[in-house]
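Undergrad: Pasting a structure below so you can have a look.
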Amino acid sequence: MKVLIATQKPFSAAAVAGIKDILVKNGHQVVTLEKYPEQKDLVAAVADVDALIIRSDKVTAEVLDAAKNLKIVVRAGAGFDNVDLEAATAHKVIVMNTPGQNSNAVAELALGLMIFMARTQFTPATGSELQGKRLGVQAYGNVGRLVGQKAKALGMNICALDPFLTDEQIVAGGAEPVHSVEELYASSDYLSIHIPALPATIKSIGYDLITKMPKGATLVNTARKEVIDEDGLMKALEERPDLKYVTDVMPDNYAALTEKFGARVFATPKKMGAQTAEANMNAGLAAARQICDYFATGNTRFQVNK
Ligand code: 3PG
């Protein structure tokens, strides 16, 4: 089968070599499309491929229409909001993710961003410490749980909200369960967001929630920019000069935010949570193995458009 690795933000060279090695040893042919300037390049590149490995690359209905031979798309990573699942299902294309493979990288970045903001963006101004502060984790899945566990080691007190987990499961993961999003925001000096971008979560974090946060709190977003109501964030930061926002997913209104709020706001220029050598390798190789396994045995364990 012909497998295309299409990555606007490429994997490390070592990860690409590892992916190719697995696929070729299993009898597949591999082609790559990296740092492509326009979406039409992806549309053109999928014309004759049977399988596709992507990161945050956009697999739209147009891509799926153009990919006449496509059978499987593996998103090497966790979030699959970049894939039109309905269109994929309509085209009988299986979509998978590689859950957990890049979680540690994202969790480490979340902690790094907290320290960066606590220490005044590494300027000589007097900062503060994480120890003794309360961290709220919104969604206690693969990433959230790692953030909680690492933050605990720094002396933070962890609470978490996750509608898909029981209180016992949250406690077993090292956090105190919280039962409403309002309570979570109201009790968190640091709030780390780990919810996916879904119709129900898009713009779900806005003025009302953000202004519930205690004095001096920091909101940390290593999830998706879409879950923030950016007008609400702007209003909350205007009204509450004590609050800070740090994110790995640059908001659309970032220029206006930094102009108004300076060092109270920080965004990485390009999403970098999963951009480590280890995460590239873990997620990339997992994607390659899942494709080989699917073609060899029909295994659809990680399918997300069932
Ligand atoms: C994910 O959903 O796995 C992360 O957001 C990583 O995305 P990336 O592969 O584009 O860095």
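Undergrad: Output the number of residues of region 3-59 satisfying the condition of being among the aliphatic types (A, V, I, L, M) and in a helix (DSSP H, G or I).
TA: Of all residues in region 3-59, those among the aliphatic types (A, V, I, L, M) come to 3-6, 13-17, 19, 22-24, 30-31, 33, 42-47, 49, 51-54, 59.
Retained after the next criterion (residues that are in a helix (DSSP H, G or I)): 13-17, 19, 22-24, 42-45.
So the count comes out to 13.
Undergrad: Shifting gears a bit: Return the residues of region 250-267 that are surrounded by fewer than 18 Cβ atoms within 10 Å (Cβ to Cβ) and either of a type in the set (Lys, Arg) or touching a residue at least 60 places away in the same chain (Cβ under 8 Å) (or both); say none if nothing qualifies.
TA: Scanning region 250-267 gives LYS260, ALA263.
Undergrad: Any chance region 232-242 includes a residue that's at pLDDT below 95 and either away from the ligand (no atom under 11 Å from the Cβ) or not in a helix (DSSP H, G or I) (or both)? First the steps, then the outcome.
TA: Residues of region 232-242 that are at pLDDT below 95, as a first pass: none.
Checked against the condition, which is being at pLDDT below 95 and either away from the ligand (no atom under 11 Å from the Cβ) or not in a helix (DSSP H, G or I) (or both), region 232-242 yields no hits at all.
Condition check ((1) more than 20 Å from VAL3 (Cβ to Cβ); (2) of a type in the set (Gly, Ala, Ser); (3) crowded, with 19+ Cβ neighbours inside 10 Å) across all residues:
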{"position": "LYS71", "(1), (2), (3)": "no, no, no"}
{"position": "ASN82", "(1), (2), (3)": "no, no, no"}
{"position": "ALA110", "(1), (2), (3)": "yes, yes, yes"}
{"position": "THR120", "(1), (2), (3)": "yes, no, no"}
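Undergrad: Keeping to region 42-66, report how many residues are out of contact with any Gly (no Cβ under 8 Å at 6 or more places or on another chain) and either small (Gly, Ala, Ser) or at positive phi (or both).
TA: The number of residues fulfilling the criteria is 6.
Undergrad: Only one of these conditions is not met by ALA175: (1) within 16 Å of the ligand (Cβ to nearest atom); (2) crowded, with 23+ Cβ neighbours inside 10 Å. Which number is it?
TA: (1)
Undergrad: For residues that are of a type in the set (A, V, I, L, M) and in contact with a Gly (Cβ under 7 Å, 6 or more places away or on another chain), scanning just region 136-160, find the one that is surrounded by the most Cβ atoms within 10 Å (Cβ to Cβ). Break it down into steps so the answer makes sense when it comes.
TA: Step one: filter region 136-160 for residues of a type in the set (A, V, I, L, M), giving 137, 139, 143, 146-147, 151, 153-154, 156, 158, 160.
Now narrow it down to the ones that are in contact with a Gly (Cβ under 7 Å, 6 or more places away or on another chain): 137, 158, 160.
Details: VAL137: 31, ILE158: 25, ALA160: 28.
So, considering only residues that are of a type in the set (A, V, I, L, M) and in contact with a Gly (Cβ under 7 Å, 6 or more places away or on another chain), the one surrounded by the most Cβ atoms within 10 Å (Cβ to Cβ) is VAL137.
Undergrad: Does any residue of region 66-84 turn out to be assigned to a helix (DSSP H, G or I) and in contact (Cβ under 8 Å) with a residue 24 or more places away in the chain? It would help to see each step written out before you state the result.
TA: Within region 66-84, the subset assigned to a helix (DSSP H, G or I) is 66.
Filter again for in contact (Cβ under 8 Å) with a residue 24 or more places away in the chain, leaving none.
There is no residue in region 66-84 that is assigned to a helix (DSSP H, G or I) and in contact (Cβ under 8 Å) with a residue 24 or more places away in the chain.
Undergrad: Would it be correct to say that VAL73 is under 20 Å from LYS92 (Cβ atoms) and within 16 Å of the ligand (Cβ to nearest atom)?
TA: yes
Undergrad: How about region 282-304: which of its residues are within 16 Å of the ligand (Cβ to nearest atom) and surrounded by fewer than 20 Cβ atoms within 10 Å (Cβ to Cβ)?
TA: Residues of region 282-304 that are within 16 Å of the ligand (Cβ to nearest atom), as a first pass: 282-288, 290, 302, 304.
Hits for region 282-304 are LEU285, PHE302, VAL304.
Undergrad: Within region 254-306, track down each residue that is among the aliphatic types (A, V, I, L, M), farther than 30 Å from GLY112 by Cα and in a loop (DSSP other than H, G, I, E, B).
TA: VAL304
Undergrad: Select from region 87-138 the residues that are of a type in the set (D, E, K, R) and under 21 Å from the mean Cα position of the chain (by Cα) and list them in ascending order. Please lay out each step first, then the result.
TA: Going residue by residue through region 87-138, those that are of a type in the set (D, E, K, R) are 92, 108, 119, 129, 133-134.
Scanning region 87-138 gives a single hit, GLU108.
Undergrad: Further question on the same structure: Inside region 176-201, can you point out the residues that are without any contact (Cβ under 8 Å) to a residue 40 or more places away in the chain and either within 22 Å of LEU109 (Cβ to Cβ) or of a type in the set (Lys, Arg) (or both)? Write out each step before concluding.
TA: Within region 176-201, the first condition is being without any contact (Cβ under 8 Å) to a residue 40 or more places away in the chain, and the residues that meet it are 176-177, 179-180, 182-183, 186, 199-201.
If the condition is that a residue be without any contact (Cβ under 8 Å) to a residue 40 or more places away in the chain and either within 22 Å of LEU109 (Cβ to Cβ) or of a type in the set (Lys, Arg) (or both), then THR201 is the only one that fits.
Undergrad: Same structure, new question: Every residue in region 50-62 that is buried (at least 23 other Cβ atoms within 10 Å of the Cβ) and either over 26 Å from the mean Cα position of the chain (by Cα) or away from the ligand (no atom under 16 Å from the Cβ) (or both), please.
TA: ALA51
Undergrad: For region 87-106, does any single residue satisfy the condition of being in contact with a His (Cβ under 9 Å, 6 or more places away or on another chain) and part of a helix (DSSP H, G or I)?
TA: First, pick out the residues of region 87-106 that are in contact with a His (Cβ under 9 Å, 6 or more places away or on another chain): 106.
Within this subset, residues satisfying the condition of being part of a helix (DSSP H, G or I) are 106.
Scanning region 87-106, I find at least one residue that is in contact with a His (Cβ under 9 Å, 6 or more places away or on another chain) and part of a helix (DSSP H, G or I), so the answer is yes.
Undergrad: Taking region 6-19 as the search range and keeping residues that are in contact (Cβ under 8 Å) with a residue 24 or more places away in the chain and out of contact with any helix residue (DSSP H, G or I) (no Cβ under 6 Å at 6 or more places or on another chain), which one is nearest to the ligand (Cβ to nearest atom)? If you could, list the steps in order and put the result at the bottom.
TA: So in region 6-19, the residues in contact (Cβ under 8 Å) with a residue 24 or more places away in the chain come out as 6-12, 14-16, 18-19.
In the following step, the residues that additionally are out of contact with any helix residue (DSSP H, G or I) (no Cβ under 6 Å at 6 or more places or on another chain) were identified as 7-10, 14, 16.
Values: THR7: 8, GLN8: 8, LYS9: 6, PRO10: 10, ALA14: 16, VAL16: 14 Å.
Applying the filter and picking the extreme gives LYS9.
For every residue, the table says whether it meets (1) over 17 Å from ILE115 (Cα atoms); (2) of a type in the set (A, V, I, L, M, F, W, C); (3) touching a strand residue (DSSP E or B) at 6+ places or on another chain (Cβ under 8 Å).
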site: PRO177; (1), (2), (3): yes, no, yes
site: VAL181; (1), (2), (3): yes, yes, yes
site: SER192; (1), (2), (3): no, no, yes
site: MET213; (1), (2), (3): yes, yes, yes
site: ARG240; (1), (2), (3): yes, no, no
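The values are calculated or read from the model by the stated rules, or taken from the named source; none is laboratory data. Keep in mind that this is a model prediction, so the values were computed, not measured. Note: ideal-geometry Cβ built from the backbone for every residue, glycine included; neighbour counts use all protein chains shown.
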